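The values are calculated or read from the model by the stated rules, or taken from the named source; none is laboratory data. The structure presented is a predicted model; accordingly, all values stated were derived computationally and were not measured. Glycine also receives a Cβ, built like all others from the backbone with ideal geometry; neighbour counts cover every protein chain displayed.
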Amino acid sequence: MMLLVTSGVAPYLAQAESILDVGETFVIPLLLKLVFVLGLFFVVPLVAGYLEHKVMGRMQHRRGPVEAGPFGTLQLVADGIKFIQKEDLIPSAADKWVFAIAPGVALVPAMLVFLVLPLGPGVFALDLELGLFYVLAASSVSVLGVLMGGWASANKFSLFGGLRAGGQLIAYELPLILAAIAVAVQAGTLSLVGIVEAQAEFMLFGSAINLWYVIPQVLGFAIFFVAALAELSRPPFDMPIGDSELVFGYMTEYSGIKYAMYMLTEYAGMVTMSGLMVVLYLGGWQLLPGVPMPGCEGAGGLFDCDATGTLLSVAVTFAKIMALIFVMVWLRVAYPRLREDQLQRIAWLVMVPLALLNLAVVTIAKVVY
């Protein structure tokens, strides 16, 4: 009798043990990765926003907020609390469901990019073989949130802003993708981690000098940077918002937490695009070309790092990201907004041909050398 009971229960015990094993090997790491990504998503854009406030305050000779925390460090946190407390208004003529979900549609793609963005050796949630394709595809979805918000607001100014955003995305998505493809051709992989590895081993024309891809592809880097500004609707490419002529574009009717989600999308986009440029052109977490990172071994001294080397690598990556964000803020202060015809002319008559030329040169050099 005991034998029968034991034999009947044994399969269920084995199944339970297998479920626990799967939980240890899949569920817990997945939860840790989600916590890691969400932490990055809600913290790093706040740092970028604080940097923008301080840099613009210095460049425009404005004191800015100084009372919210030491040196105004909690100003964006205070703004977030303020947005949460504000009344969430929806226009009576608006398509309420589309109006409500549009900010989330714009926000989620920026969050998804953080999943595959490598910040250091082993400091990433996923290493996809098609990581670059995934990032470009995910970042393109955010324009749907912009179009949805502009159309659902039942406001002509919001609609104009949404249509401008759609036209701007179509115009600048092509040169941005062409510039990224040139990097993939040179690296021989679409994995973002693989691209960092390829840069650590890249020698220009077979010489003994290690260089990042920004040197042979300086034109592609410039194209990608300008196209990223246009993708994010950052000045001088902020025609979809154009607060001096379109009230506030597709965000005109938004208030409270929904408006805050749109603003968080912009700052998160600055971080993800800057991080992508660091990975594609600036050697990832490599301090200097060919200089080993302390505490790290492997190609270029980048991999197999101890705790100190990993922390230093992540710090180097964030320093590069913040340096690029500084340039974005600098351009916002220094240059006036372009006209819509100027934006389209630059995209189709200048940037697309130059991106095709860059891709052709890189492809020929890859085959020849």
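Tell me the helices (runs of 4 or more DSSP H) entirely within the range 273-369 that contain at least 1 residues that are touching a strand residue (DSSP E or B) at 6+ places or on another chain (Cβ under 6 Å) and over 26 Å from Val185 (Cβ atoms).
307-334
How do the pairs read when you match residues in the range 160-189 that are on the phi < 0 side of the Ramachandran plot with residues anywhere that are among the basic types (Lys, Arg), using Cβ under 8 Å and keeping only pairs 6 or more apart or on different chains?
If the second residue must be among the basic types (Lys, Arg), the pairs left are Val185/Lys366; Gln186/Lys366.
Specify the residue that is surrounded by the fewest Cβ atoms within 10 Å (Cβ to Cβ); the eligible residues are those in the range 271-294 that are touching a residue at least 40 places away in the same chain (Cβ under 8 Å) and aliphatic (A, V, I, L, M).
Going through the qualifying residues, I end up with Met277.
Can you tell me which of Ile209, Ile257 is aliphatic (A, V, I, L, M), under 24 Å from Val362 (Cα atoms), out of contact with any Leu (no Cβ under 6 Å at 6 or more places or on another chain) and modelled with pLDDT under 90?
So the residue among Ile209, Ile257 that is aliphatic (A, V, I, L, M), under 24 Å from Val362 (Cα atoms), out of contact with any Leu (no Cβ under 6 Å at 6 or more places or on another chain) and modelled with pLDDT under 90 is Ile209.
Taking the residues in the range 31-56 that are crowded, with 16+ Cβ neighbours inside 10 Å and small (Gly, Ala, Ser) as candidates, determine which candidate is nearest to Gly80 (Cα to Cα).
Gly49
Does any residue of the range 171-184 turn out to be surrounded by fewer than 20 Cβ atoms within 10 Å (Cβ to Cβ), of a type in the set (D, E, K, R) and over 24 Å from Phe326 (Cα atoms)?
No, the range 171-184 contains no residue that is surrounded by fewer than 20 Cβ atoms within 10 Å (Cβ to Cβ), of a type in the set (D, E, K, R) and over 24 Å from Phe326 (Cα atoms).
With Ala125, Ala165 as the choices, which residue is outside any loop (DSSP other than H, G, I, E, B) and touching a helix residue (DSSP H, G or I) at 6+ places or on another chain (Cβ under 8 Å)?
Ala165
Kindly indicate the residue of the range 322-347 that is within 29 Å of Phe124 (Cα to Cα) and β-branched (Val, Ile, Thr) and also surrounded by the most Cβ atoms within 10 Å (Cβ to Cβ) among those meeting that condition. Please lay out each step first, then the result.
Here is the first cut: in the range 322-347, the residues within 29 Å of Phe124 (Cα to Cα) are 322-329.
Pick out the ones that are also β-branched (Val, Ile, Thr) and you get 325, 327, 329.
Numbers: Ile325: 24, Val327: 13, Val329: 20.
By that ranking, first place goes to Ile325.
To keep it simple, each residue is scored yes or no on (1) among the aliphatic types (A, V, I, L, M); (2) surrounded by fewer than 18 Cβ atoms within 10 Å (Cβ to Cβ); (3) farther than 30 Å from Lys54 by Cα.
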residue: Ala307; (1), (2), (3): yes, yes, yes
residue: Ser313; (1), (2), (3): no, no, no
residue: Val316; (1), (2), (3): yes, no, no
residue: Lys320; (1), (2), (3): no, no, no
residue: Leu349; (1), (2), (3): yes, yes, yes
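Among the residues of the range 333-348, how many are at pLDDT 90 or above and out of contact with any helix residue (DSSP H, G or I) (no Cβ under 7 Å at 6 or more places or on another chain)?
Here the count works out to 2.
Determine the pairs where a residue that is without any contact (Cβ under 8 Å) to a residue 24 or more places away in the chain, located within the range 39-57, has a partner that is part of a helix (DSSP H, G or I) and surrounded by 17 or more Cβ atoms within 10 Å (Cβ to Cβ) with Cβ atoms under 6 Å apart, the partner being 6 or more residues away or on another chain.
none
Quick one: would you say Leu302 is more than 30 Å from Ser158 (Cα to Cα), among the aliphatic types (A, V, I, L, M), modelled with pLDDT under 90 and crowded, with 19+ Cβ neighbours inside 10 Å?
Here the answer is yes, as Leu302 does meet what is asked.
Hey, can you tell me all the residues within the range 93-150 that are more than 20 Å from Gly269 (Cβ to Cβ) and either buried (at least 20 other Cβ atoms within 10 Å of the Cβ) or β-branched (Val, Ile, Thr) (or both)?
Val98, Phe99, Gly120, Pro121, Val123
Considering only the range 219-265, state which residues are within 26 Å of Val77 (Cα to Cα), in a loop (DSSP other than H, G, I, E, B) and either among the aliphatic types (A, V, I, L, M) or in contact with a helix residue (DSSP H, G or I) (Cβ under 7 Å, 6 or more places away or on another chain) (or both).
Leu232, Ser233, Arg234, Pro235, Ile241, Gly242, Val247, Thr252, Glu253, Tyr254
Filter the range 25-73 down to the residues that are of a type in the set (D, E, K, R) and modelled with pLDDT of 75 or more, then identify the one that is farthest from Val314 (Cα to Cα).
If we take residues in the range 25-73 being of a type in the set (D, E, K, R) and modelled with pLDDT of 75 or more, then Arg62 is farthest from Val314 (Cα to Cα).
Out of Ala198, Ala268, I need the residue that is crowded, with 18+ Cβ neighbours inside 10 Å, in contact with a Phe, Trp or Tyr (Cβ under 8 Å, 6 or more places away or on another chain), assigned to a helix (DSSP H, G or I) and among the hydrophobic types (A, V, I, L, M, F, W, C). Which one?
None of the other options fit; the residue is Ala268.
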